[in-house]
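What follows is a set of notes on a single structure, which appears directly below.
Bear in mind that the values in this text are calculations on the coordinates, not laboratory data. In this text the structure is predicted, and so the values were computed from the model without any measurement. All Cβ positions, glycine included, derive from the backbone under ideal geometry; neighbour counts span all protein chains shown.
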Amino acid sequence: MSLIRLVQFLLVVVLTIVRTVCGVPGVSVVSNTLLDPQGIFFVSYDGVVNVNSFQQSAVIAFGNFQYAAWYTASGTAVIGRRTLPSGSWTTLQLPHKLSTSDSHNVISLGISPSDGVIHVALDCHSTQLYYTRSEANLATSGASWVASRFGTITNNLGNLNIGSQITYPQFVVTPSNLLQFVFRTGVSGNGATQLAEYISGAWNNVGSWASATGTYTAPSGATSTLRNLYIHGFTYHGTRAYVTGTWREQNGAVACSSSGLTNHDTVYFYSDDSGRTWFNTAGTKVGTSGSSPINVNTAGIIVDSLNADHALMNQESQTVDSAGRIHSIISYVPGRFTQCVPDYETGRPQWAHAFHLYQAANGSFIKFEIPYYIQSVGRSQIVLDSQDNAYVFMPFLRVATASKSSGYTDWAMAYNGTAAGLDVFGEVTLDRARAGNGLVSVLYQVSSTGTTPSSVHLVDFKLGG
Ligand SMILES: *[C@@H]1O[C@H](CO)[C@@H](O)[C@H](O)[C@H]1NC(C)=O
Ligand SMILES: *[C@@H]1O[C@H](CO)[C@@H](O)[C@H](O)[C@H]1NC(C)=O
């Protein structure tokens, strides 16, 4: 061991001891696996198509296996599989190429527990969806990993026609082990969030649960009559579905700058019947999917007020703690820097901070600023471990952590992907399925320029390690 290595080693030991004594949770890298040396690369809407905050899910562990999806350099959709915890990855290529250089057009994976079918939804941005699903039990059988085990790619959700203006396909599993499909119809600033449910091999429409209707009036007096809800997640815990999100107004006049973001306010509502009826924090019924969706004028759903002048980001992340309380990450430019972000694409990298917004035991919402500049337009992902300590995976794979025992105030940087030399493009996405066992898989793509492909990686982190 060279002297420098020895000193580095001792430093790590000392830091680990200090962190353990102070009670701030750490993380350690278990493995960093190269999934593809040549992932497709282009930047659009400040993001890359292989790793986007709203993907649910690009990587998903199920039983003894883990699955990951990405587009390789040719634009072909690739699905990988490994045996957990550390088997080598094998890949198959679906007969579909990315239709356009748009970073919205991600691949989302879902698994229906009742029949072990792997569902794949991909390649849409206010356009028709592409969808396929596997033969039964492929998720658990370990049968040979070949594309012929997936059905024809269709523009419907299997048997269900969901129209031709689809964005943000996400799969979630209900407490009764039904697979659901969450998506947006319409367009940014004029869209509705929707829900469908997979029962006995068939998809059924549940309906829209948040609509574009209502009137928003900005502090300036400007009004907007159309919008869409951007969600930080649609998360089941116990018997409840939790949603936090932000509204994006259609009328740019509600923001102080035409290069700002018209996102405003953070809302929260929940459902105890798998997304049919919705309640605000006070426990008042405020919406019914299909017939009476939530809208911007719904009472009692704003849990953090913010006007459209602070470059508030949409579709960040959320999770639920062991006591059944919601924790979200939101990010924006705090008022101490400016009361009007002139351009979100430059203002966010310069000033934006992430905030931990969560419901305390007494029911009120607490917001705490995570004391680091995001240094990016991009979003952060929150995970809680089995003790409810918080881990926030920020752009460039920087991991900020805080302990529950401190009341989530002792934020420290537990891992710095830049210092570790990973050269991460920006946002990362997570597989939280093993978080209860103290493991989180993180998908990232290496930065590049123009359209030069770059490598796609999966890092396994041990939480608290
Ligand atoms: C609720 O609890 C939080 C955190 O424990 C505390 O900061 C806040 O003051 C409490 N609010 C009320 C109304 O008691
Ligand atoms: C992460 O590491 C980079 C490179 O060493 C450094 O410039 C940056 O300030 C670090 N970020 C944090 C939040 O510690």
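Which of rounded, prolate, oblate describes segment 39-158, given a ≥ b ≥ c as roots of the alpha-carbon gyration tensor eigenvalues and a/c under 1.5 marking rounded, otherwise prolate only if a/b is larger than b/c? Don't skip to the answer; put the middle values down first.
Numbers: a/c = 1.83, a/b = 1.44, b/c = 1.27.
Because a/c hits 1.5 or more and a/b exceeds b/c, segment 39-158 counts as prolate.
Work out the length of the dipole vector of the chain about its Cα centre, built from +1 on the beta-carbon of each Lys and Arg and -1 on the beta-carbon of each Asp and Glu, and round it to the nearest 20 debye. Can you show the working numbers first?
Numbers: 23 positive and 25 negative charges, 93 e Å.
Approximately 440 debye in magnitude.
Mind listing the long-range amide H neighbours of V106? Cut-off is under 5 Å, sequence gap 5 or more, other chains count too, H placed in the peptide plane at 1.01 Å from N.
Distant-sequence amide H within range of V106: D123, C124.
Assuming 0.36 nm per residue, please report the length gained on full extension of the stretch T409 to R325 beyond their Cα-Cα distance.
Numbers: separation 84, 0.36 × 84 = 30.24 nm, distance 1.74 nm.
Extra length from T409 to R325 when fully extended: 28.5 nm.
Compute the Cα gyration tensor for segment 347-462, then decide on rounded, prolate or oblate, letting a ≥ b ≥ c be the square roots of its eigenvalues: rounded whenever a/c is under 1.5, prolate when a/b is larger than b/c in the other cases, and oblate in all that remain. Walk me through the intermediate numbers first.
On the way: a/c = 2.34, a/b = 1.48, b/c = 1.58.
Judged from the Cα gyration tensor, segment 347-462 comes out oblate (a/c at least 1.5, b/c at or above a/b).
If I model a spin label as a point 7 Å beyond the Cα along the Cα-Cβ vector, how far apart are those points for S114 and A73 in nm?
About 4.4 nm, to one decimal.
Got a sec to turn the phi values of segment 33-40 into Karplus ³J(HN,Hα) couplings, 6.51 cos²θ - 1.76 cosθ + 1.60 with θ = phi - 60°, whole Hz, x for Gly and Pro?
Each residue's phi maps through the Karplus curve to give 10, 7, 8, 7, x, 10, x, 5 Hz.
So how long is each side of the chain along the principal axes, counting just the alpha-carbon atoms, biggest first, in Å?
For the chain, the Cα spread along each principal axis is 67, 56, 44 Å.
Rounded to two decimals, what is Rg over Rh for segment 263-349 when you use alpha-carbon atoms and the Kirkwood radius?
Working: Rg = 15.3 Å, Rh = 14.7 Å.
Result: Rg/Rh = 1.04.
State the extension gain, in nm to one decimal, for the chain segment bounded by N362 and T213, taking 0.36 nm per residue of separation less the distance between their alpha-carbons. All intermediate terms of the calculation are to be shown ahead of the outcome.
Details: separation 149, 0.36 × 149 = 53.64 nm, distance 3.23 nm.
Using 0.36 nm per residue and subtracting the Cα-Cα distance, I get 50.4 nm.
Can you give the calculated 222 nm mean residue ellipticity of the chain, where each DSSP H run of n ≥ 4 adds -39,500 (n - 2.57) and the sum is split over every residue, rounded to the nearest 500 deg cm²/dmol? List each step's numbers first, then the result.
Working: 3 runs with 32 residues, N = 465.
Result for the chain, helices only: -2000 deg cm²/dmol.
With each label point set 7 Å from Cα along the Cα-Cβ vector, what nm distance links S141 and T284?
5.2
Just rank T246, T152, T217, fewest to most, by other beta-carbon atoms within 10 angstrom.
Working: T246 28, T152 8, T217 11.
Ranking T246, T152, T217 by Cβ neighbours within 10 Å, fewest first, gives T152, T217, T246.
When the Karplus curve 6.51 cos²θ - 1.76 cosθ + 1.60 is applied with θ = phi - 60°, which whole-Hz ³J(HN,Hα) does each residue of segment 442-452 get, with x for Gly and Pro?
10, 8, 8, 10, 6, 5, 8, 10, x, 10, 6
List the lysines whose Cα lies under 30 Å from the Cα of K462, skipping any in the same chain that are fewer than 8 positions away.
In chain and number order, the partners are K367, K404.
For T452, what charge total do you get from the other residues with a beta carbon under 15 Å from its beta carbon, if Lys and Arg give +1 and Asp and Glu give -1?
Working: positive: none; negative: D36, D423.
Once positives and negatives cancel, what remains is -2.
Which whole-number percentage describes the relative contact order of the chain, with Cα contacts under 8 Å and a sequence gap of 6 or more? All intermediate terms of the calculation are to be shown ahead of the outcome.
Numbers: 1292 pairs, mean separation 69.8, N = 465.
Once normalised by length, the contact order is 15 percent.
Would you mind computing, in nm to one decimal, how far apart the modelled labels at S220 and T418 are, each placed 7 Å from Cα along Cα→Cβ?
For the pair S220/T418, the computed spacing is 3.2 nm.
Starting at the first residue of segment 396-409, write each ³J(HN,Hα) from the Karplus equation 6.51 cos²θ - 1.76 cosθ + 1.60 with θ = phi - 60°, in whole Hz, x for Gly and Pro.
These are the phi-based 3J(HN,Hα) values: 6, 6, 9, 10, 9, 10, 8, 8, 5, 5, 7, x, 6, 10 Hz.
Fully extended, how many nm does the chain gain between T452 and L306 (0.36 nm per residue separation, minus their Cα-Cα distance)?
Values: separation 146, 0.36 × 146 = 52.56 nm, distance 3.88 nm.
This chain segment gains 48.7 nm when fully extended.
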